[in-house]
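The structure under discussion appears below in the form of structure tokens.
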2 protein chains.
Amino acid sequence: MTDYDALMAFTRTTEALARVSGRLDWDQETMMPRGAVAQRGEECAAMAEVLHTRQTDPRVTDWLAALEGTALDDTATAQLRHIRRTHDRARKVPGALAAKLAATTSQAQGIWADARQAEDVAAFLPVLGEVIALRREEAAAIAQGASPYDALLEDYEPGTSAEELTALFGALRPALAELRAAVRAADAPPPLSGTFDEAAQLQLSQRLAEVFGYDTAHGRIDTAVHPFSSGSGLDVRITTRTQADDPFNCFYSTIHEVGHAAYEQNIDRRYLLTPLGGGVSMGVHESQSRIYENQIGRSRAFTGWLYGQMRDAFGDFGIADEESFYRTVNRVADGCIRTEADELQYNLHVLIRFDLEQALISGDLAVSDLEAAWNDRFAADFGYHVDKPSNGVLQDVHWSVGLFGYFPTYTLGNVYAGCLNAAMRADLPDLDDALAQGDTSPATAWLGARVQTHGGLYEPRDLITRACGKAPSEAPLLAYLHEKFSAIYGL
Amino acid sequence: MTDYDALMAFTRTTEALARVSGRLDWDQETMMPRGAVAQRGEECAAMAEVLHTRQTDPRVTDWLAALEGTALDDTATAQLRHIRRTHDRARKVPGALAAKLAATTSQAQGIWADARQAEDVAAFLPVLGEVIALRREEAAAIAQGASPYDALLEDYEPGTSAEELTALFGALRPALAELRAAVRAADAPPPLSGTFDEAAQLQLSQRLAEVFGYDTAHGRIDTAVHPFSSGSGLDVRITTRTQADDPFNCFYSTIHEVGHAAYEQNIDRRYLLTPLGGGVSMGVHESQSRIYENQIGRSRAFTGWLYGQMRDAFGDFGIADEESFYRTVNRVADGCIRTEADELQYNLHVLIRFDLEQALISGDLAVSDLEAAWNDRFAADFGYHVDKPSNGVLQDVHWSVGLFGYFPTYTLGNVYAGCLNAAMRADLPDLDDALAQGDTSPATAWLGARVQTHGGLYEPRDLITRACGKAPSEAPLLAYLHEKFSAIYGL
């Protein structure tokens, strides 16, 4: 057996174990009995220990060293890039620090949930300070003199930097704020009203999953408090949720998660259980979920078809025609919560977090000043005030579990979705004719071939550049939003 | 940290990983998408490799050696007994043989399923021959000169031997055959007829699980083709099934699995995630499932209560009173299938397999003669003939997956259930008053304190002896069956 074959055989087992670990998380959110929490914690820690031991295995060091400088094909080169990145990173973080981080974030998540419930920011700040200190220590160990925040970013979006993102987002923010202000000054379409049978919502959401190409022979749909997608390869599961007065939440959560899941399901099967067999970054992942949800799912053409489906499922629900339905689906409303934001305002929520978390990691912002900084920034971007911490600085779980560097990938994903949409529309001039019939296959096939099938073969930015024929920028997203919301709001 | 503490910390992680591996099996039978089979095979193999590596870890050898001869309390002594047994056994079986066995049995299970479907014994025999040869090789490696079949038995029922079981079962078989013949010569009560709403069956089965003390905060109930119980400690899940024309199948499958699950749930929590934290043997496990199902669940007192529940759930279903209902629940009917057998005939099915599998392992019976041997023995014990292989030698999955030495634990469990029932009834003279009210708690509390709480602390036979105040024998089971069926059949 060659060194490469030996390394890949070892890695395949590690990948299989990572799938098992991921399925434990799925089980925890969907199936686990409520009394099993303590035991589950030990099970997850045991799996983490096994994975860490394998990622840092000295044999991997030796195989990688032996392969250094060897001529390999593109696939093998990409496999080694992933293996080396994971191995180097895991070896740089002392085991004691990793264990401390796991224990502290596990504890912090509970404290955050209680603090949010009690609207008590002060109760959360001490443990948040600990989490930040530990992540800073971890980032310093990885960065070895380079930027600590970039070291954290690398976990979610390899190959990018805060500098690059800052430039990209710097062009986005004023344009979004301006468009938002114009839209909010115009007359808004009425919101959806009434109640919608939840079993019928689930039935239609199942239909939507199929329409967007979700393969139920290699997945399943359950309900969970917070919808998510889980797994890769031959077993990719999604969840959704229902709320009697808000069927759009169910439908668009499902479409969003199908975007994530379809990415994982459509990766070239030759990469199964290898480092190339998963989505390449959070940003690219989000580009798929968002283009499914927004540029396709909330398009005039597709909502025309969805209107008919909803009439079939729920009868007359007080909206007279497709055009009104399209306007209601895309209604822009005030709100403090990121996850409930429309596609126009969503990125403004994210950019607040991106700027604040960089300041927290660098030490420019003390946790004691975080709430004021959040509220000031929110008022500046949205023009009104956060009413309570659960609608402000306590709304997201991310920081409590140590996810610093994750938020910007949401907006990067939207930027990528904008780029992909422009290129796809140019390639598929008749796409709307198909969408109006509820046929998304030209779009999903295009994304499958241009993005999804490649798995981890290319670096994220390179992948989007190849798919679109040019380097990504914020311009297509802004042009799309301008055109769409100007038309809806008669600007 | 002492050697003992170090060994126990290492073992705790191994136990947690074993729980994860077990939950993968649960997922496969209940939740897994049908297209995930190939990936799941690799996931299970990866977990098996991790567990085997830990079980044979040289540090365990060193810790065990260092602790040899050290004075320890009973709990620690019992922990070491389990760890040593697992470690010694795992080290005796060459890795290549274990891998070959896993691959062959995985393949054999598919071939068996196809052969059963096609009623084609010949198609199954070659791979069965391979499985037997590999298990014989494994048994020889473990036994090191002692009896190979006993080495296999040890996996499921530590501390017993074929000789001991042969003596026990030798007393059972003629007595069961004689009682069976007398019952079959008498008039049988009518069978249940009609159809029973399957959702209502599941609802009543949920009620039955609670009545028998199943703790749903630490478990959950799903449906599966073949009902089973899975897990231990804080997360013990069961499955059941429904069939419109046979609600008893649903109810008694549920009660049976609750017997297994309650055993795991009621083990002393101090043993959580240690080798003492699981049921001590298959025989003791089966004693719990069978006493819940039969001696309690099919008793005159409890079926009286169940009759009322069924009337509430299904209205008039054609049985006039409790007494008739009791007779119908306990109806003895012809049949070739072990899993569908009533409590009188069940053990005769098992004893056929016990005798034949010993002959297969010793080489006294060639696989080419197996079908004839099975059919002859069946005719001798039951007085009529097997009509087709799927009702005969191809009915059970066990041998295809290499489970030689497992079958006798079913009957041993019934013998133990007979012993426990006699002791419990002597201790609880008013038990039937409670059962007639649907209150099983005096019985489940007795079993919890005498058997279940101890987990793996005592060896199986010792545990039953302590619980009953005397050594186990077949006599209480036979006396119970004689009394019960003589009364029902007016012998």
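Taking the criterion of being more than 9 Å from chain B (Cβ to nearest Cβ), under 26 Å from the mean Cα position of the chain (by Cα) and either assigned to a loop (DSSP other than H, G, I, E, B) or modelled with pLDDT of 95 or more (or both), the residues of region A:9-25 that qualify are A:11, A:18, A:22. Being in contact with a Leu (Cβ under 9 Å, 6 or more places away or on another chain) and assigned to a helix (DSSP H, G or I) is the filter; apply it to region A:276-285 and report the residue that is farthest from residue A:162 (Cα to Cα). Here the residue is A:276. When A:139, A:188 are checked against the criterion of being surrounded by fewer than 17 Cβ atoms within 10 Å (Cβ to Cβ) and out of contact with any strand residue (DSSP E or B) (no Cβ under 7 Å at 6 or more places or on another chain), a single residue qualifies: A:188. The set of residues from region A:27-41 being facing chain B (nearest Cβ under 9 Å), within 27 Å of the chain's Cα centre (by Cα) and closer than 20 Å to residue B:47 by Cβ comprises A:27, A:31, A:32, A:40. Here residue A:257 clears all of (1) assigned to a helix (DSSP H, G or I); (2) surrounded by 24 or more Cβ atoms within 10 Å (Cβ to Cβ); (3) in contact (Cβ under 8 Å) with a residue 40 or more places away in the chain except the condition numbered (3). Looking at region A:335-347, is at least one residue in contact with a helix residue (DSSP H, G or I) (Cβ under 7 Å, 6 or more places away or on another chain), within 26 Å of residue A:385 (Cβ to Cβ) and charged (D, E, K, R)? The answer is yes, given that some residue of region A:335-347 is in contact with a helix residue (DSSP H, G or I) (Cβ under 7 Å, 6 or more places away or on another chain), within 26 Å of residue A:385 (Cβ to Cβ) and charged (D, E, K, R). For region B:181-201, what are the residues that are part of a helix (DSSP H, G or I) and touching a helix residue (DSSP H, G or I) at 6+ places or on another chain (Cβ under 7 Å)? Selection gives B:183, B:200, B:201. The C-beta contact set for region A:370-395 (first residue closer than 21 Å to residue A:332 by Cα, second residue part of a helix (DSSP H, G or I) and small (Gly, Ala, Ser), distance under 7 angstrom, 6+ apart or interchain) comprises A:381/A:177; A:385/A:379. Being aliphatic (A, V, I, L, M) and either under 30 Å from residue B:184 (Cβ atoms) or surrounded by fewer than 16 Cβ atoms within 10 Å (Cβ to Cβ) (or both) is the filter here, so list the residues in region B:453-491 that pass it. B:471, B:475, B:477, B:478, B:479, B:481, B:487, B:488, B:491 - these are the residues of region B:453-491 that are aliphatic (A, V, I, L, M) and either under 30 Å from residue B:184 (Cβ atoms) or surrounded by fewer than 16 Cβ atoms within 10 Å (Cβ to Cβ) (or both). Residue B:399 passes every criterion in (1) touching a Phe, Trp or Tyr at 6+ places or on another chain (Cβ under 6 Å); (2) closer than 18 Å to residue B:108 by Cβ apart from (1). Of the residues A:302, A:251, only one is in contact (Cβ under 8 Å) with a residue 60 or more places away in the chain and part of a helix (DSSP H, G or I); which? After ruling out the rest, the residue left standing is A:302.
The residue of region B:143-184 that is surrounded by the most Cβ atoms within 10 Å (Cβ to Cβ), among those that are within 23 Å of residue B:83 (Cβ to Cβ) and over 23 Å from the mean Cα position of the chain (by Cα), is B:143. Restricting attention to region B:211-226, which residues are more than 14 Å from chain A (Cβ to nearest Cβ), at pLDDT 95 or above and either part of a helix (DSSP H, G or I) or over 17 Å from residue B:259 (Cβ atoms) (or both)? Selection gives B:211 alone. Apart from one condition, residue A:1 fits all of (1) within 22 Å of residue A:237 (Cα to Cα); (2) outside any helix (DSSP H, G or I); (3) more than 10 Å from chain B (Cβ to nearest Cβ); the exception is (1).
On the given criteria, is residue B:50 within 20 Å of residue B:105 (Cβ to Cβ), surrounded by 21 or more Cβ atoms within 10 Å (Cβ to Cβ) and at the interface with chain A (Cβ under 7 Å from one of its Cβ atoms)? When the stated conditions are applied, residue B:50 passes them.
Return yes when residue B:244 is at pLDDT 95 or above and out of contact with any Leu (no Cβ under 7 Å at 6 or more places or on another chain) and no when it is not. In short, yes. Condition (residue is touching a residue at least 40 places away in the same chain (Cβ under 8 Å), within 14 Å of another protein chain (Cβ to nearest Cβ), closer than 29 Å to residue B:237 by Cβ and surrounded by fewer than 19 Cβ atoms within 10 Å (Cβ to Cβ)) applied to region A:56-70: is it met by at least one residue? The answer is no; no qualifying residue exists.
The values are calculated or read from the model by the stated rules, or taken from the named source; none is laboratory data. Computed from a prediction, not measured in an experiment: that's the story for all the values here. Because the Cβ atoms are built from the backbone with ideal geometry, glycine has one as well, and the counts that use them run over all protein chains shown.
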